[in-house]
1. Test each condition in (1) part of a helix (DSSP H, G or I); (2) closer than 14 Å to GLY127 by Cβ; (3) within 13 Å of the ligand (Cβ to nearest atom) for HIS186 and report the one that comes out false.
2. Going residue by residue through the range 191-200, is there one that turns out to be part of a loop (DSSP other than H, G, I, E, B) and within 16 Å of the ligand (Cβ to nearest atom)?
3. I'd like the full set of residues that are among the polar types (S, T, N, Q) and either within 11 Å of the ligand (Cβ to nearest atom) or out of contact with any His (no Cβ under 9 Å at 6 or more places or on another chain) (or both), limited to the range 221-247.
4. Go through (1) within 15 Å of the ligand (Cβ to nearest atom); (2) in contact with a helix residue (DSSP H, G or I) (Cβ under 6 Å, 6 or more places away or on another chain); (3) not β-branched (Val, Ile, Thr) one by one and return the number of the condition ASP216 breaks.
5. Report the residue count in the range 191-241 for those that are surrounded by 18 or more Cβ atoms within 10 Å (Cβ to Cβ), over 21 Å from GLN147 (Cβ atoms) and among the β-branched types (Val, Ile, Thr).
6. Being closer than 23 Å to GLY8 by Cα, surrounded by fewer than 14 Cβ atoms within 10 Å (Cβ to Cβ) and among the polar types (S, T, N, Q), is that true of even one residue in the range 168-175?
7. Could you list all residues from the range 104-132 that are closer than 20 Å to GLY172 by Cα and within 16 Å of the ligand (Cβ to nearest atom)?
8. Assuming LYS14 fulfils every condition listed in (1) in contact (Cβ under 8 Å) with a residue 60 or more places away in the chain; (2) assigned to a helix (DSSP H, G or I) apart from one, which condition is it?
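Computed from the coordinates by the stated procedures, all read-outs in this text should not be read as laboratory data. Being a predicted model, the structure only gives us computed values, none of them experimental. Positions of Cβ are backbone-derived with ideal geometry, glycine not excepted, and every protein chain shown enters the neighbour counts.
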Amino acid sequence: MRRHLIVGNWKMYKTAAEAAAYVRRLAGLVRQSAKVEIVLAPPFTALSVAALPIARRFVFAAQDLHWEDEGAYTGEISAPMLTTLGCRYVILGHSERRRLFGEDDAAVNKKVLAALRHGLRPILCIGESLAERQRGQTTRVVLRQLQKGLHGIPNEAGRHLVIAYEPVWAIGTGQAAAPKQIDAVHRTIRACVARKWGRVAAGRLRILYGGSVKPDNIIDFLGTAEIDGALVGSACLDPKSFARIITQTQSAKQ
Ligand code: PGA
């Protein structure tokens, strides 16, 4: 059985002091449960909160990395820098990085490989735009991002991987995809991974949904066996709202 995973993507919100206050507040609102892994992805400058004793019950993720371990890359952060801060996951290929910062599938692939090389678990984001969906290209786009993003990754590394299906038209719009639409894409993703790495590996893979997930719709998604959790943006910024998403996931049937 796949353990549910709820990831809060803070994007470019919260200073280090605000992050520390958030983690204390969230810790007071949620209990730990073996059923759900709770991952927080603050900006780089707030990742130091992972070292607070109260933060031990959470797992931390970065929102990006550079594929080289070190070098003359002004402004960039490498995988070893993140692991020493206590990160276990890294979000890669988020549509905002692809769209606003020109990241292509080849760059995302180098980042996935770098993360795995250093024991960081990639949360690989893939998803179609509204125009692509309307043109009937959803499957083609998602499979291209998946295959190119995972190029050269060996079967055994697959167990450390998480895929987040995030249709671009659902992110930050309040217009979440319907569970049926998500289910169809998740099945396509899992079938592709089964062809690449075999059915056992595909059965182990956690596939999250992201895009306007809120406390009042999370339960709709978790009723679908193919959806293993959520990547939450705006609704994770308030600890009370994120805690509601977590507690509902904890009480959901698996
Ligand atoms: P949203 O963002 O929950 O605000 O739609 C999701 C994401 O960008 O990962």
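1. Going through (1) part of a helix (DSSP H, G or I); (2) closer than 14 Å to GLY127 by Cβ; (3) within 13 Å of the ligand (Cβ to nearest atom) one by one, HIS186 breaks only (3).
2. No, the range 191-200 contains no residue that is part of a loop (DSSP other than H, G, I, E, B) and within 16 Å of the ligand (Cβ to nearest atom).
3. Within the range 221-247, SER234, SER241, THR247 meet the criteria.
4. Condition (2) is where ASP216 drops out.
5. Number satisfying all stated conditions: 4.
6. Taking every residue of the range 168-175 in turn, at least one turns out to be closer than 23 Å to GLY8 by Cα, surrounded by fewer than 14 Cβ atoms within 10 Å (Cβ to Cβ) and among the polar types (S, T, N, Q).
7. If the condition is that a residue be closer than 20 Å to GLY172 by Cα and within 16 Å of the ligand (Cβ to nearest atom), then ILE123, LEU124, CYS125, ILE126, GLY127, GLU128, SER129, LEU130 are the ones that fit.
8. (2)
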